[in-house]
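Accompanying notes for the structure given below.
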Amino acid sequence: MAKKIKIILWIVLSLVILIVCYIVYALIFRTCCSPKPEPIQKDNITKDQRLADPNLLYFSSWWAGLCANENHEQGGCYKELYLYSDGKFIKMSGFVKYNEGSGKEEDPSAQEQLSPAAVEKIKKMIRDSGVMVGDCPAGQIMDAGWNYQINLDGVKKSFRNPSENCQDTFSVIDDTLDRPME
């Protein structure tokens with residue numbers, strides 16, 4: 001009887017060790033050695049291509065490293081706004097999981113067409129703010145970032161983590177674009 005118990009314990013222990021080894025192997029292989037999927041560009045236009053477009057009037061990018069998604073997974077989140085001179089407006093946002101390689105979750109991009117009056121309103125806000133002629137020194141931020149690019153009246157200017165007064169201007173423009181206009 002004692003010999004049967006030893007054999008059963010040996011079989012159970014062997015199965016447990018085998019299962020633990022498989023789990024460890026799967027976790028290590030999945031996190032370190034599996035190929036990283038290519039980011040999906042729905043319209044096959046990269047961010048750099050968008051920023052080089054001479055018709056891009058206004059670009060706003062925000063990211064933070066301290067976010068959680070609806071499944072309470074930790075990661076980073078981002079939001080990008082693109083406004084073109086012809087009124088084309090694209091809004092992208094998403095979440096990037098920690099410890100998942102390129103586990104990027106993108107919310108569906110929203111694209112709409114703004115009226116010429118709405119585009120002129122944004123241009124007026126930019127001109128009236130003075131950001132194109134003033135100085136917007138960059139601030140040092142550790143867990144979040146803001147990037148902006150404006151191409152207006154033949155002048156192209158980029159801003160990275162701008163100072164508080166400039167950030168306030170950009171926030172007002174972003175808020176205006178986030179609301180229905182007309």
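With 20 Å as the limit on Cα-Cα distance, the pairs of Lys47/Lys88; Lys123/Lys157; Lys88/Lys121; Lys47/Lys124; Lys47/Lys157; Lys79/Lys121 that go past it are Lys47/Lys124; Lys79/Lys121.
What the phi angles of the range 124-140 give under the Karplus curve with 6.51, -1.76 and 1.60, with θ = phi - 60°, is a coupling list of 5, 4, 5, 4, 5, 6, x, 5, 6, 10, x, 9, 10, x, 7, x, 9 Hz, glycine and proline written as x.
Amide H contacts of Lys88: Leu114, each under 5 Å away and 5 or more positions distant or on a separate chain (H built 1.01 Å from N in the peptide plane; Pro and chain starts excluded). Dividing the mean sequence gap of close Cα pairs (under 8 Å, 6+ apart) by how many residues the range 47-178 holds gives a relative contact order of 23 percent.
Backbone geometry of the range 70-80 corresponds, through the Karplus equation with coefficients 6.51, -1.76 and 1.60 at θ = phi - 60°, to 3J(HN,Hα) couplings of 5, 8, 6, 7, 7, x, x, 10, 8, 8, 10 Hz, x marking Gly and Pro.
Using only alpha carbons, the range 47-178 has a radius of gyration to Kirkwood radius ratio (Rg to Rh) of 0.99. Across the range 2-17, coupling constants 3J(HN,Hα) worked out from phi with the 6.51/-1.76/1.60 Karplus curve, θ = phi - 60°, read 5, 5, 5, 5, 4, 5, 5, 4, 5, 5, 4, 4, 4, 5, 4, 4 Hz, and Gly and Pro carry x.
Throughout, read-outs are computed from the coordinates displayed, never taken from laboratory work. For clarity, every value in this text was computed on a predicted model and none was experimentally measured.
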